[in-house]
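Data first, discussion second: the structure below is written as structure tokens.
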Amino acid sequence: MTVTADGPLPEQTYDVAIVGAGVVGCAIARELARHPRLSVALVEAQDDVGQGTSKANTAILHTGFDATPGTQEARLVREGYRLLGAYAAETGIPVERVGALLVAWDEEQLAALPGLAAKAGHNGYTETRLLGTAELYAREPHLGAGARGALHIPGESIICPWTTTLAYATQAVRAGADLHLNTAVRHVARADGHRLSTSRGTLHARRLVNAAGLHADTLDRVLGHRDFTVTPRRGQLLVHDKLARPLVRHILLPVPTALGKGVLVAPTVYGNVLLGPTAEDLHDKRATGSTAEGLAALREQGRRILPALLDEDVTAVYAGLRAATEHEDYRIAAHPGQAYVTVGGIRSTGLTASLAIAAHVTRLLAGTGLDLGPAADLDPLTMPNLGEAFPRPYQRPDLIAADPAYGTLVCHCERVSRGEIRDALRSTVPPRTLDGLRRRTRARAGRCQGFYCGAAVRELFERGQTGGDTP
Amino acid sequence: MTTVRRTDVLVVGAGPAGLAAAARLAAAGAGRVEVLERETQPGGVPRHCAHGGFGTWTRPLTGPGYAALLTDAAERAGATLRTGTTALDWGTGPVLTAVGPGGPETIEARAVVLATGARERPRTARLVPGTRPAGVCTTGELQQAVHLFGQHIGTRVVVAGAEDVSYAAAGTVRAAGAEVVALVTEHPRAQTGRTRAQAARLVHGIPLLTGTTVTELLGRARLSGVRVRHRDGRTAVLSCDTVVFTGDFVPDHELARRGGLTLDPGTRGPAVAGSLHTSRPGVFAAGNLLHAVEPAGTAAHEGARAARAVLDFLAGAPWPGPGVPVTVEAPLRWIAPNRVTPGARATRHVLRTGTPLTRPVLYVRQDGRLLHRERPRPATVLPNRPLPLSARWHDHVDPEGGEIRVSTT
């Protein structure tokens, strides 16, 4: 089990190097790690997995009902939905099948609903149903006034994106893949395979997978391709206090119109309520800040969709960049002559499609002449549960009886126990920052943002970091 | 296995209000009095207020000294303090579920006193835009980091706010050996005593930026600066590696809400009359859960007052009706207590204003009828500073009438 974050890189030549440890790169590493004969390096510029688009999205497991029929995205989302649903159940990734309501607020949107139902049918999803206002308001009593009807998509689900990415990375590393963090790829040269010049020195690999997300076009150009350009599309989101959770039962989606996609209101598996995202086309791939205008616009829209939401405190504001391209579909392509596979243009659906993309990319790699060798089953994995729909450690008398650390709460707003923090610090892919610890445990993610527990959590983290005793 | 236990009075929160209530109840022979505290040490917020200003004129204390005094008093009176135990939710009646290292338990009580206190609203709730770097905290976290854990907090610190707690935060920053870049307040002047404001500015050389708001946080991994905007439109970037969001207290009311207690829209704490009965029979509330925030001594006095009401209730006094609601008009922000029960023992009210008031007059009306007019002291009332209102008018309230409105016009 190897995770490195500093020092020189190993001198060995890997069979495959994957650039980018987002949800897609980690899924590919996990898929390749099923083949024990392959040596796999997962190379990430940041200090943790899932630090780009993967950590800042709407956290929805999509049925693919609204994909453009016939596209690669439509197929991979459909397949991925099934695969990830099963994988989540197996590994304990929290998923709630809350269903979505595409809410029509005017005549034009109402008229668009049957077409969207038909489109879902073309995508192989036939469980949609049109709802009148009576049933809509019965299902969502806190919905703002003026809704005209809705399309119900019962399969749309919410999921924990951090646990998903971390589960893939954990299984990949446990099965022998090397994860190299803080390793930014600067250049790639062809010399008996690929020679990657990185911020931590040179890394050699026979085959290269580009899963660099927002930077996939840059890496693709280094390899001589000009298939697509990534235009980061910023999405700002507001996360509301858990006390808001009873206000909404479904994912409330806007009806896409010519004027744009609009914003959604959705519960999260942690028991919060999301409002967002904005959609701003930018040029700066690092512009992950929120803006006063963006937040004001979201709250204006939220006031209409779910007025009572505005009375609840905001516990997090974040902004993610989607890897939008000029194309309507994913840009996944094999370049056998270069022993290279591009996985570009993976938009917000990438979380859902990740396992299907990984299987597809593995087939493409085999097509470039890579001998995968025999496949073995990965060791089963159980991830710590961050979801409120399933028992958290503090709610499990068996766990507390065996180890009182699970009954000692450190982060009170999110009810995170000392035991969970200790486990995260000792895990296969441990956090390197307090934010990393927050994504793994929810510590400091609640309404007080550390007023009560911040210093205590930091103390446990720093003691764990220095190899000291983590009580 | 969930343990089920019985007690006479269950107090939630071992801060000044909870400890004072427990001490009074145990001393008065209320039976078994138990205090649940989720932190590892009792004392509440004063635990990490290393500065003075606690205790009495004759016996001045630091925060930790005051916390120890109250803890000692409660224990000596015979109350049981159970730290590291978190109250989670409600059963039927005055019954709570809790969890601690010993596992889950259900505690059945004859009466419950909620004293869960208040906290500062963090950057997220204030909707301050920008990046999400490290180095952003509240006074509560800052004080614990410095005074309880001896952690490094950065070198250049901007303090957002200029009220008493903001000056306390600035003091903590200086005690930690770091520089206070500035205090920043949207208000036209500091909301603290003149001596304190002048000492910070003249003795310690800490600039006070009035009419100014923090509009954006900058920096990637670590904060590199904050963008501020003056009321006149000018903007500037203050270079710093830490920003402390101070004040803007709100009640920590999760348990109250989970219990379905009626909340007051102004304070966002449980709605209570001076007797501190909540809308849920058997459940009382005291301290800064009711008014975020008053000084620790006020919270402790209120805890003792809640104890009297609990003792009456245990002796068979009936649960009072909801009382007549008391609301405020802008620029007033809230009033506590915010219910009046005519005929009950009257206690004075405390209010907050959103803007500075010079020589204000408070008018109390019910259904358009003027019940009372009062010119409060001091003559100038600042935001985030107590504004008292007497209870002399309670006898004029029509118990069947509409809500009572308090205004400045």
Tell me the carbon and sulfur percent of the accessible area for the stretch B:122-247, rounded to whole percent, probe radius 1.4 Å.
50 percent
Going by Cα centres, the stretch A:184-244 and the stretch B:37-78 are how many Å apart?
55 Å
Based on the Kirkwood radius over alpha-carbon pairs, what value in µm²/s does the Stokes-Einstein equation return for the translational diffusion coefficient of chain A at 4 °C and 1.567 mPa s?
56 µm²/s
What's the total accessible area buried between chains B and A, using a 1.4 Å probe, rounded to the nearest 100 Å²?
3800 Å²
Could you state the angle between the C-alpha long axis of helix B:63-77 and the longest principal axis of the C-alpha atoms of chain B, as a value from 0 to 90 degrees rounded to the nearest 10?
10 degrees
Just to confirm my numbers, what's the Cα centroid distance between the stretch A:439-454 and the stretch A:31-110 in Å?
26 Å
I'd like to check one number: the per residue accessible area of the stretch B:323-409, probe 1.4 Å, reported in Å² as a whole number.
49 Å²
Which FRET efficiency value, to the nearest 0.05, is calculated for residue B:308 and residue B:257 with the Förster distance at 30 angstrom and r the Cβ-Cβ distance?
0.70
Ordered by number, the residues of the stretch A:270-319 with at least 40 Å² less accessible area in the assembly than alone (1.4 Å probe) are A:286, A:290, A:313, A:314, A:317
The stretch A:329-471 accessible area per residue, 1.4 Å probe, protein heavy atoms, integer Å², reads 35 Å²
To the nearest 0.05, how large is the calculated FRET efficiency for residue A:90 and residue A:127 if R₀ is 22 Å and r is the Cβ-Cβ distance?
0.40
Gain on full stretching of the segment that runs from residue A:97 to residue A:184 - 0.36 nm per residue minus C-alpha separation
27.6 nm
Between the stretch B:304-322 and the stretch A:335-363, what is the separation of their alpha carbon centroids in Å?
68 Å
For the stretch B:260-323, the percent of accessible surface on carbon and sulfur atoms (probe 1.4 angstrom, ligands and nucleic acids excluded) is 61 percent
Could you tell me what percent of the DSSP beta bridges with both partners in chain B are antiparallel, to the nearest 5?
55 percent
Counting only other chains, and only Cβ atoms inside 10 Å, what mean value do you get across the residues of B:128-140?
5
Contour minus Cα-Cα span, residue B:40 to residue B:148, at 0.36 nm per residue, comes to 37.7 nm
Keeping the other protein chains in place, figure out the carbon and sulfur percent of the accessible area of the stretch A:297-396, with a 1.4 Å probe.
51 percent
Can you pull the one-decimal nm distance between simple spin-label points at residue B:224 and residue B:363, each 7 Å off the Cα toward Cβ?
5.5 nm
Cα-based reach from residue A:55 at 16 Å (exclusive), listing aspartates and glutamates while leaving out same-chain residues under 8 positions away
A:44, A:47, A:435
Between residue B:231 and residue B:395, the FRET efficiency computed from the C-beta separation at R0 = 56 Å comes out, to the nearest 0.05, as 0.80
Considering protein heavy atoms only and a 1.4 Å probe radius, which residues within the stretch B:100-118 exhibit an accessible-area decrease of no less than 20 Å² in the full assembly relative to the chain by itself?
B:101, B:104
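Give me the accessible area per residue for the stretch B:173-290, probe 1.4 Å, as a whole number in Å².
I get 41 Å² per residue for the stretch B:173-290.
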The simple spin-label model distance between residue A:135 and residue B:3, using points 7 Å out along Cα→Cβ, in nm, is 5.1 nm
Starting from 0.36 nm per residue, how many nanometres of slack lie between residue A:311 and residue A:1 once their C-alpha separation is accounted for?
106.9 nm
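The values are calculated or read from the model by the stated rules, or taken from the named source; none is laboratory data. Note that the structure is predicted; figures quoted are calculated from it, not measured. Methodologically, a virtual Cβ is constructed for each residue, glycine included, from the backbone with ideal geometry; neighbour enumeration extends over all protein chains shown. The accessibility values were calculated without ligands, DNA or RNA, using every heavy atom of the protein model including side chains. Shrake-Rupley method; radii C 1.70, N 1.55, O 1.52, S 1.80 Å.
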